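Working notes, structure below.
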Amino acid sequence: MTRHIRTAVIPAGGRGTRMMPASSAIPKELFPVGRKPAIQWAINEALDAGIEQILVVSSSRKPSIAAYFLGDRQTDTVFGRASWRRRNILPNSQVRIVNQPTARGLGDAVHIAHLALGSEPFALLLPDEILLGGSRLLRVMLDDYERTGDSGVSLLQVDQSEIGSYGCAVVDSNSYGDERLRVSACIEKPDPSTAPSCFALSGRYVLGSDVLDLIGEVKPDRRGEVQLTSALNRAASTFGLAGFVVREEDGRVDVGNWQGWQEANVRCFSKGVTIRMPAAARNLRNSRVMTIGDPAKTTHAAEGAPSPVQSLRQDLNGHLGVAG
């Protein structure tokens, strides 16, 4: 089996419960972070790391996600030509969209992607977690997979009191080295008082057959969700997984909750990190979209100019009730 990763999978079929009620009208993946939606951050990161193709696992309940990629005549007329969309959304890439019939958890989305891609390994990027610092982490993970063939997970060190909100990785003391840790088990949302470590499974994965061949065997939990952590745990205990720690320089922010979304926007507008497009985004000639299913067409309004940082902070604080 090939060790070259061509495809990044972006799951976007969830309900967005942490961002209700706004996410009942606008998918959280399209919430703006800086001057682009959260899902675009994941796409740009993947392209910058050398990914050639994007597969979005969406939902028929979210036609605006397909519309974001497909565009519409009205928007293209406003901006003068369709190349604007290719330049800012689909640079030098192919995007496919498949629907997740029911929101049955991350593991189910991964299984749907596996069925769509066959035996091909892929990177998995959760759009809730954006890396303002760029693609360093994903590049390291992709390079390691091509060299070793081992599936990999990103690890975030959190306080012990917070580990119960994440999947938890057991890091073997007989590890691979400072940069590359050996993960021997994964536990979904453990009791913080008995958690084996403070390494949380973060939002970047590189998945090969050692994990993907197991995901179809995972049974739904009590909430009816298929947990990716269950397949990761079986693979870790049998083969071992490679773990890569998220660094401060990676600029990881969880934009799937209101406080993290506020933080990311303030950081973007204060530092202007959204101005630069990745190098891969400058080659526009071969862009195209493939859609699987029958997504509805919707229209988009042009996004206005950003507010100054102080005005943004005060406005968000007022709406969210977050201390300034």
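Within the range 112-155, the set of residues being in contact with a strand residue (DSSP E or B) (Cβ under 7 Å, 6 or more places away or on another chain) and either among the charged types (D, E, K, R) or without any contact (Cβ under 8 Å) to a residue 60 or more places away in the chain (or both) comprises ILE112, GLU120, ASP128, GLU129, ASP144, ASP150. Considering only residues in the range 135-171 that are part of a loop (DSSP other than H, G, I, E, B) and modelled with pLDDT of 95 or more, the one that is surrounded by the most Cβ atoms within 10 Å (Cβ to Cβ) turns out to be SER151.
Based on this model, can you work out whether VAL110 counts as in contact with a Leu (Cβ under 7 Å, 6 or more places away or on another chain), β-branched (Val, Ile, Thr) and either under 28 Å from LYS36 (Cα atoms) or not assigned by TED's automatic domain parsing to the domain that holds GLU52 (or both)?
Against the criterion (in contact with a Leu (Cβ under 7 Å, 6 or more places away or on another chain), β-branched (Val, Ile, Thr) and either under 28 Å from LYS36 (Cα atoms) or not assigned by TED's automatic domain parsing to the domain that holds GLU52 (or both)), VAL110 qualifies.
A single member of VAL183, VAL171 is more than 21 Å from ILE10 (Cβ to Cβ), in contact (Cβ under 8 Å) with a residue 40 or more places away in the chain and touching a Ser or Thr at 6+ places or on another chain (Cβ under 7 Å), and it is VAL171.
If we scan the range 219-228, do we find a residue that is outside the structural domain of PRO121 (by TED's automatic domain parsing), within 25 Å of ALA42 (Cα to Cα) and of a type in the set (A, V, I, L, M, F, W, C)? Please lay out each step first, then the result.
Taking the range 219-228 as the starting set, the residues that turn out to be outside the structural domain of PRO121 (by TED's automatic domain parsing) are 219-228.
Checking which are within 25 Å of ALA42 (Cα to Cα) leaves us with 225-228.
Those still in the list that are of a type in the set (A, V, I, L, M, F, W, C) too: 226, 228.
Yes.
The values are calculated or read from the model by the stated rules, or taken from the named source; none is laboratory data. Here the structure is a predicted model, which means the values were calculated and not measured. With ideal geometry, Cβ positions are generated from the backbone for all residues, glycine too; neighbour counts draw on all protein chains shown.
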